[in-house]
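Before any comments, here is the structure.
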Amino acid sequence: MDQTYMKEKKILPLVLSMSLPMVLSMLVNALYNIVDSYFVARISENAMTAISLVYPIQLVVTAVAVGHGIGVNAVAAFFLGAQEKEKADDTVSLGLVLSILHGVILVFGCIAILRPFVSMFTKNSEVIDAAVSYGTIAFLFNLPNSIGIAYEKIFQAEGKMTVSMVAMLIGCITNIILDPMMIFGIGFPAMGIKGAALATGIGQALTLVVYLLVYFIKGSTFHIQFKKTIFNKNICKRIYGIGIPSMVNLSLPSIMITLLNGILAEFSDLYVLVLGIYYKLQTFIYLTVNGLVQGIRPLLGYNYGAGEHKRVKDIFYTSLTIAAIIMLIGTAVCWGFSEPLMHIFTANPETIQIGIQALRIISCGFLI
């Protein structure tokens, strides 16, 4: 596949064509988060509080997988732009090996800390047991999720944004369909909160299956092969040189939520629930902008590798303008529709009123 269009096509059409597939898939992903929470909220407020307490750990898992994927994506796109195909192949091959290692560590690490972590924020045994039941199943899928995200960034590095879009759409839609079936027992035994976790895991695993089918049937610009020569210290340093700062940056919301949960838990589990609802809703905005970022990342890497430094700046400023417009729209929607949005997750009048106030105040910070 010829990637020279990345440095030749007009910038605005190029940014839109690369970003729109990812924005669409991120919107569906955000919708899944809301639908998933909607069905869990139908179980009980304790169930919703439980997944709110597990959410910070899930954010860290995503941060590690996505941050590493960003490193692989940027370095591979750079080598493609610099016409160093062999190094680009070694980068994605090494990136996949490392993603497998990360996935295994995350499975055992997350399950080990789950109960003590949740117990820091509530003494409600029902909430703790529900959180452990949900998290244990969800974290068993950290390995396929980590590998799937690595493949996502690999396909994006070569400009195949529609592959990522289709794979993510299939996984998210599967998740949305399976949620009520597994939670409430429609064609399956009723599993409650465990069903929500299993539906999520199946969706993630199916996304990986799609990536593998595309790679082995349709092929890729990159030639992935596991051999001794891929363990290149310089390439590894470049991947982690970009990946680790990305992991830390993406982990910051998890740290903030954890600290806020600790403060709010001193008052009531209700406030923890409201915070969890807010973060589910904000993903609808932030994931949309994330789709834009994913679209421009290979463009920046490719053009930087090709020495097109002015074009790199133009792509960045064009994308920044589009992101500002998205955030403005998001702020207006969250402010204007705060009440119906809260009704999606709870029927408790006290929770709704507190949630409306919180959502309106905090949504103003989207622009910052």
* Structure fact -> Between the alpha carbon centres of segment 103-178 and segment 307-363 the gap in Å comes to 24
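Going from the alpha-carbon gyration tensor of segment 44-172, what semi-axes, largest first and in whole Å, does one get by taking the root of 5 times each eigenvalue?
For segment 44-172, the ellipsoid semi-axes come out as 35, 15, 10 Å.
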* To do: Would you work out which of Tyr5, Gln156, Leu320 lies farthest towards the positive end of the dipole of the chain? Charges go on Cβ: Lys and Arg +1, Asp and Glu -1.
  => Tyr5
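Using a/c under 1.5 as the rounded threshold, could you call segment 90-232 rounded, prolate or oblate? The axes a ≥ b ≥ c are square roots of the C-alpha gyration tensor eigenvalues, and prolate needs a/b larger than b/c, oblate otherwise. List each step's numbers first, then the result.
Working: a/c = 3.26, a/b = 1.58, b/c = 2.07.
Because a/c hits 1.5 or more and a/b fails to exceed b/c, segment 90-232 counts as oblate.
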* **Sparse-neighbour loop sites [chymotrypsin sites (Phe, Trp or Tyr not before Pro); segment 176-230; at most 12 other C-beta within 10 Å; DSSP]** => Phe226
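Please give the contour-minus-distance gain from Lys85 to Ile344: 0.36 nm per residue of separation, less the Cα-Cα distance, rounded to one decimal in nm.
Values: separation 259, 0.36 × 259 = 93.24 nm, distance 4.95 nm.
Once the chain is fully extended between Lys85 and Ile344, it gains 88.3 nm.
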* To do: Using the structure shown, select from Lys87/Lys160; Lys153/Lys280; Lys87/Lys310; Lys123/Lys194; Lys7/Lys228; Lys218/Lys313 the pairs with a Cα to Cα distance greater than 31 angstrom.
  => Lys7/Lys228; Lys218/Lys313
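Can you give the FRET efficiency to the nearest 0.05 for Thr321 and Asn249, using r as the Cβ-Cβ distance and R₀ = 30 Å?
Numbers: r = 22 Å, r/R0 = 0.73.
With a Förster radius of 30 Å, E is 0.85.
Which sequence of Arg360, Arg115 reflects their accessible areas, 1.4 Å probe, from the largest down? Kindly include the intermediate steps, with their values, before the conclusion.
Numbers: Arg360 85, Arg115 110 Å².
Sorted by accessible area, descending: Arg115, Arg360.
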* How large is the Kirkwood hydrodynamic radius of segment 120-199, in angstrom, based on all distinct alpha carbon pairs? -> 14.5
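So what is the diffusion coefficient of the chain in µm² per second by Stokes-Einstein at 25 °C and 0.890 mPa s, using a Kirkwood Rh over Cα pairs?
On the way: Rh = 21.2 Å.
The Stokes-Einstein estimate is 116 µm²/s.
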* To do: Pop out the carbon and sulfur fraction of the accessible area of the chain as a percent, whole number, probe 1.4 Å.
  => 70
* Among Leu252, Val293, Ile224, flag the residue with its Cα farthest along the positive direction of the charge dipole of segment 182-299, charges on Cβ as +1 for Lys/Arg and -1 for Asp/Glu. => Ile224
* **Neighbour-limited loop hits for chymotrypsin sites (Phe, Trp or Tyr not before Pro), segment 300-352 (at most 15 other Cβ within 10 Å; DSSP other than H, G, I, E, B)** => Phe337
* So what's the angle, to the nearest 10 degrees on a 0 to 90 scale, between helix 349-363 and the longest Cα principal axis of the chain? -> 30
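Just reorder Phe231, Phe267 by solvent-accessible area, largest first, 1.4 Å probe, all chains present. The partial results should precede the final answer.
On the way: Phe231 130, Phe267 150 Å².
Listed by decreasing accessible area, they come as Phe267, Phe231.
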* FRET E, pair Ala112, Phe337, Förster distance 45 Å, beta-carbon r, rounded to 0.05 -> 0.65
* Among Ile296, Ile128, Ile224, residue whose mean-square fluctuation peaks in a GNM of the chain (springs only between Cα atoms under 10 Å) -> Ile224
* Asked: What size of dipole, in debye to the nearest 20, comes out for the chain about its Cα centre when the only charges are +1 on Lys and Arg C-beta atoms and -1 on Asp and Glu C-beta atoms?
  -> 1040
* Once the convex hull of the C-alpha atoms of segment 19-98 is built, how many Å³ does it hold per residue, rounded to a whole number? -> 99
* Nearest-ten-degree value, helix 45-81 long axis tilted from longest Cα axis of the chain -> 0
* To the nearest 20 debye, what is the magnitude of the charge dipole of segment 34-178 about its Cα centre, counting +1 on the Cβ of each Lys and Arg and -1 on the Cβ of each Asp and Glu? -> 160
* Roughly how tilted is helix 85-119, in degrees to the nearest 10 and between 0 and 90, from the longest Cα axis of the chain? -> 10
* Dimensions (Å) - segment 241-317, Cα atoms, principal axes, largest first -> 55, 25, 15
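Could you work out [θ]222 nm for the chain from helices alone, using -39500 (n - 2.57) per DSSP H run of at least four and dividing by all its residues? Round to the nearest 500 deg cm²/dmol. Can you show the working numbers first?
Working: 12 runs with 306 residues, N = 368.
Per the formula, -29500 deg cm²/dmol.
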* **Added length on full extension, which subtracts the Cα-Cα distance from 0.36 nm per residue, Ile177 to Lys233** => 15.8 nm
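What is the extension gain from Asp314 to Gln357, computed as 0.36 nm multiplied by their sequence separation minus the C-alpha to C-alpha distance, in nm to one decimal?
Details: separation 43, 0.36 × 43 = 15.48 nm, distance 3.90 nm.
Gain on extension, Asp314 to Gln357, equals 11.6 nm.
The values are calculated or read from the model by the stated rules, or taken from the named source; none is laboratory data. The shown structure was predicted, so the numbers you read here are calculated from the model rather than taken from an experiment. Quick reminder, even Gly has a Cβ in these numbers, built from the backbone with ideal geometry, and neighbours come from all protein chains shown. What goes into the accessible areas is simple: the full protein's heavy atoms, side chains included, and nothing from ligands, DNA or RNA. Shrake-Rupley method; radii C 1.70, N 1.55, O 1.52, S 1.80 Å.
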